[in-house]
Each structure stands twice: as structure tokens, then as C-alpha cells.
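This report concerns only the one structure given below.
The values are calculated or read from the model by the stated rules, or taken from the named source; none is laboratory data. Only a predicted model underlies this, so the values are computations on that prediction, with no experimental measurement involved. Glycine also receives a Cβ, built like all others from the backbone with ideal geometry; neighbour counts cover every protein chain displayed. The area values use the complete protein model at the heavy-atom level, side chains included, leaving out ligands, DNA and RNA. Shrake-Rupley method; radii C 1.70, N 1.55, O 1.52, S 1.80 Å.
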Amino acid sequence: MSIRIPLANTNNVMSRNIVKQMASDGFLPVIALEAFVEGGRTYQAYKRGGFDEARERITEEFSGAVFWLGGVTALNWLFEKIGQKILKLPKTIVDIASDDVRKPLQNYLAQERTTQGAKILEKTMAKFKFIKVISSVLIANAFIGFILPKINQAITRSYHNKKETPQQNSQIKTNRPTIDTFISKSDKKDDKKDVSFGINLLSIANKFESDRNYKLLAVDAGTASGRAYSARNNDERVEILFRDLSSIYFYMFNMYNMNNWLNKLEQKGNGSRLDPVSAEFTTRYMENYFEDKNIDKINVEEFAKDFLGKNSEIPSDLKNKFKGEKIKIISLDTFKEELKHLVPDSELRNFEQLAEKMSTLQPKVVGEAILTEGQVKDVLNKGHINNPDFLKEFYKNRFGSKFMDQYTYVAQNDLDAIKKELIDYVNSIINTAKKSDAKEVTLKMIRKASNNNLKMNAINWGSGFVVSALFLSTIIPKLQYQITKWRTGSNEFPGTAQYRQAENKK
């Protein structure tokens with residue numbers, strides 16, 4: 001029996017979408033943190049250093065955040081446009097990451113030509129992508145680490161110069177290195193070095209192009225070192241290094257880790273949990289199951305069989321037909337041939353159609369339709385959550401339609417992970433029903449499961465968010481100031497120490 005399948009991303013209240021986004025590996029969690037960080041750090045700076053430090057902090061945090069969060073992405077886009085002009089590449093953005101299931105670059109090289117009709121070479125694409133990504137990272141680092149601190153310091157210097165005589169101004173002038181001297185020194189050191197392209201450029205470029213953490217960490221490394229290099233004295237330099245390096249964990253890893261730990265406590269060792277939008281989508285699918293059957297409860301064993309399928313293993317003869325380095329795959333044509341030996345003739349066409357639909361959940365690889373080992377198992381076992389029509393809409397809730405695009409990379413491991421979360425979610429309902437006196441799954445039970453999923457996701461991710469916001473906005477700045485007090489005996493802002501010294505000499 002087929003079930004009416006809800007459309008992806010419909011009937012989702014704002015609270016579910018917000019929690020889902022907070023649980024994602026996108027930029028929203030980091031952007032949300034920035035609002036607290038800028039407010040908290042500016043307040044702490046004002047308490048210690050008054051207008052000077054507060055003004056520098058809000059300027060640095062806001063301007064730096066724009067480039068930190070969007071600089072590499074925006075520059076990547078700009079260099080793509082330049083590449084289309086200079087290298088005559090087609091106006092198609094292609095991901096260069098790949099696994100055994102999705103190979104966007106191979107599809108691109110096999111099907112696309114330059115605007116002048118020439119074949120696009122993998123070596124050309126590798127060099128272009130590598131230079132593009134590294135240039136984007138370096139430019140973002142240069143702005144946040146060198147240019148922005150100099151601008152900030154110049155504003156503070158200009159503010160104080162209005163209150164000082166030319167003689168006093170000359171007394172506080174220092175021989176601090178500038179961005180120009182840094183660049184010239186770097187040129188002298190590196191002008192004889194030759195960049196080797198013997199390494200896997202595509203692999204490196206892909207990490208910085210498509211992975212949020214790589215983008216942010218790459219800019220973090222340059223930001224911390226650049227800001228430290230541009231510091232006005234050693235006390236300010238120590239503060240910057242402590243603040244920037246200790247902040248990395250709470251920006252990018254703490255929320256995920258806390259959610260994982262809390263889930264393990266709540267679910268007896270299982271650290272993952274289906275996101276609330278996907279859980280609600282699955283629940284509506286189950287509600288349609290009850291409505292189509294015109295029932296409000298069902299025996300738990302029948303429910304489990306209908307939704308999970310037979311749960312049998314793939315025959316060993318069929319397993320030998322799979323290929324792939326890390327993810328086992330088989331061509332659709334080969335699998336359809338093998339089906340003739342596995343299912344009765346009366347059911348063959350039904351299984352073939354199921355396999356054909358399942359193969360559309362990923363793009364063809366250079367024109368060949370494929371299936372993963374997990375998908376083959378789903379076809380053979382059937383079950384409502386293994387239905388490719390359902391899975392298509394289910395994956396859209398998490399990845400949008402891009403997981404089926406031939407030039408876009410979505411890791412198969414990510415799809416397998418959310419499928420496991422789906423199975424765990426269904427099993428949680430089944431286990432609840434087995435513990436009940438009636439041993440039945442009810443409409444009320446599945447609705448309660450979705451609401452509980454939303455609540456626990458909100459609590460766990462929210463706890464991680466609160467801890468990160470507290471450390472980034474308040475605890476780290478306070479520790480940063482305490483370090484300076486221990487080192488110098490003073491609780492003054494080290495960035496304006498030279499101006500206080502000048503005033504004391506009057």
C-alpha cells in the first residue's frame with residue numbers, strides 16, 4: 001500500500017526551522033553568536049578601556065565578522081567570474097569534491113567545453129580552483145589581520161592627535177612594522193621559492209571551497225597571526241592571541257559537542273538525533289498512513305514491518321558485483337540483471353521500477369545510473385521509509401534539491417547519516433509502543449514523538465549556544481583582561497598605553 005507523501009519544507013513552523021538551522025553546519029549558528037559576541041565584548045571593553053577600547057572593539061568585531069563569515073565565499077564567487085572571462089570557462093559553478101557516488105568534476109569535464117569549444121583539462125581546473133581558493137583566503141586574512149587593525153589604530157591615533165601638540169605627537173611615534181614592510185619582507189624571503197603543483201590541488205581547494213569549518217579556520221589562522229603582528233605592544237599582542245585562539249572552539253565546535261554529549265545521556269549512547277523539520281515531515285507521513293488505513297492505532301509489529309521492511313541482508317552473490325573504494329556502488333543495469341535471479345517473474349517489473357526511482361536520488365556518473373549498497377538493500381527490503389518517492393522529499397528537507405544535481409557535491413556519508421537518524425526516530429516510536437500495555441502505535445504517540453524531538457533538539461542545541469555565547473561574550477574577555485593584570489599589574493587597555501604615558505609626561 002502506498003502512502004500520500006507530504007511535500008518537503010511545508011507546514012513547518014518557524015520554531016522548527018530555527019532549531020534545524022541551529023543544528024546545521026551552515027553559518028546561521030555562527031552569525032547568531034556574533035550578535036551576542038559583539039554586544040558582550042563591546043560592553044566589557046567599555047567597562048575597562050572606555051570609549052577608545054569600546055570603539056575599537058565594535059569596529060573590529062563587526063567589520064571582521066563580515067569578512068570572516070562571507071569574505072572567502074564572496075571572493076570565491078568573484079574569482080569564478082574572472083575565471084570564466086580569462087579561461088573561457090562556461091558559466092557553470094562546479095563542485096570539485098567527490099566520492100564514489102557523486103563526481104561533479106568528472107561530469108563537468110565529460111560534458112562541458114570552454115566558450116570557444118575547447119576541451120577543459122583537469123589540470124587547468126585544478127590550478128584554477130587552487131589559486132582561486134588560496135587567493136580568497138589570503139585576501140580575507142590580509143583585510144582582517146592587517147588592514148583592519150591599521151585602520152582601527154589610525155582612527156584612535158587621529159582621535160588622540162587632536163588633543164596633542166606636534167611635539168607630543170612625535171614623542172609617541174613608534175617604529176612599529178606596517179603592512180607594507182611585512183609584505184616587502186615576505187617578498188624577500190619567498191621570491192626564490194617555486195610553488196609545487198605535485199600535491200592534490202583539487203583536494204585542498206575543495207576543503208576551503210565547500211567546508212564551513214575549513215573556511216573559518218583558514219581565516220582564523222591568518223586573523224590571529226595578523227592581528228598579533230599588527231599589535232601596538234606585547235601586552236596587546238598576548239591579549240589578541242589568547243582571545244582569538246580560545247574563541248575558535250566555542251565558535252565552531254562547542255555547540256555540536258554539547259548536543260552530542262546530551263543526546264548520549266538521553267538516548268543511552270546514541271549521540272545523534274533527527275532534526276525537528278525532518279521529524280515533523282516523517283510524522284506527517286505516518287499520520288497519512290493512519291488516515292489512509294482509516295485507523296487511529298495499529299499493532300506495533302505490523303507497524304514496524306510496514307515502515308522498516310524485511311531487514312534482510314544482500315545475498316553474497318550480489319555483493320560481489322559491487323565496486324567502489326569507500327562506498328560500495330553498482331550500476332543500475334547490472335542490478336536489474338541480478339534482480340532476475342532474486343525475485344519472482346511476477347514481481348520483477350515492480351522491483352525494476354523501484355530501483356530506477358531509487359537511482360534518481362543521485363545524478364548519473366558520466367551518464368551511468370548507479371545505486372549504493374544501502375539503496376539496493378532498501379529496494380530489496382521495501383518498507384515505507386525506504387520508498388524512493390518519500391526519501392526524495394525527505395532529503396530535500398535537509399539538503400534542498402542540490403543532492404540530485406550533477407555539478408553539486410553532497411557527501412553520501414551525510415545522506416547515510418540522516419537516513420540512520422530517520423531509522424532511529426522510527427525505532428524510538430516502535431520501542432515506546434513495545435513498552436506500552438497495548439503494544440500498539442497510536443496517532444497520539446507519533447505526534448508526541450515529534451513534539452518531544454523538537455523540545456530535546458531545542459534544549460540540547462540551545463544549551464550549547466548559551467555556553468558558547470557566555471564564553472565568547474563575557475568569560476574570554478574577562479580572562480583576557482585578567483592575564484594583562486597579572487602580567488602588568490594594571491587593568492588598563494594596553495592598546496592606548498602610549499597615549500596615557502604621553503599624558504603622564506605633561
Study note, to complete from the structure: Checked segment 374-407 for anything open to solvent by 40 Å² or more (accessible area, probe 1.4 Å) and under 22 Å from the mean Cα position of the chain (by Cα); matches are LYS392, LYS396, ARG398, SER401, LYS402, MET404, ASP405, GLN406
Practice item. Taking ALA497 as the residue in question, decide whether it is closer than 30 Å to THR282 by Cβ, surrounded by fewer than 20 Cβ atoms within 10 Å (Cβ to Cβ) and in contact (Cβ under 8 Å) with a residue 12 or more places away in the chain. Key: no
Exercise for review: Determine whether LEU371 is of a type in the set (A, V, I, L, M, F, W, C), open to solvent by less than 30 Å² (accessible area, probe 1.4 Å), assigned to a helix (DSSP H, G or I) and without any contact (Cβ under 8 Å) to a residue 60 or more places away in the chain.
Suggested key: no
Review point. Quick check: anything in segment 255-272 buried (at least 18 other Cβ atoms within 10 Å of the Cβ) and among the charged types (D, E, K, R)?
Key: no
Point to revise | Options GLN84, GLN44; residue that is surrounded by fewer than 18 Cβ atoms within 10 Å (Cβ to Cβ) and assigned to a helix (DSSP H, G or I) | key: GLN84
Check your understanding: Among LEU415, LEU470, which is the only one that is open to solvent by 40 Å² or more (accessible area, probe 1.4 Å) and at negative phi?
Key -> LEU470
**Study point:** Which numbered condition ALA224 fails, given (1) open to solvent by 30 Å² or more (accessible area, probe 1.4 Å); (2) in contact (Cβ under 8 Å) with a residue 60 or more places away in the chain
**Key:** (1)
Practice item. For MET286, indicate whether it is at pLDDT below 95, open to solvent by less than 20 Å² (accessible area, probe 1.4 Å) and not acidic (Asp, Glu). Key: no
Exercise for review: Please identify the pairs in which a residue from segment 458-485 that is in a helix (DSSP H, G or I) has its Cβ atom under 7 Å from the Cβ atom of a residue that is surrounded by fewer than 16 Cβ atoms within 10 Å (Cβ to Cβ), counting only partners at least 6 apart or on another chain.
Suggested key: SER473/GLY39; ILE476/SER246; TYR481/ASN491; LYS485/ASN491
Exercise for review: Return a yes/no flag: does segment 311-320 have any residue that is among the small types (Gly, Ala, Ser) and open to solvent by less than 30 Å² (accessible area, probe 1.4 Å).
Suggested key: no
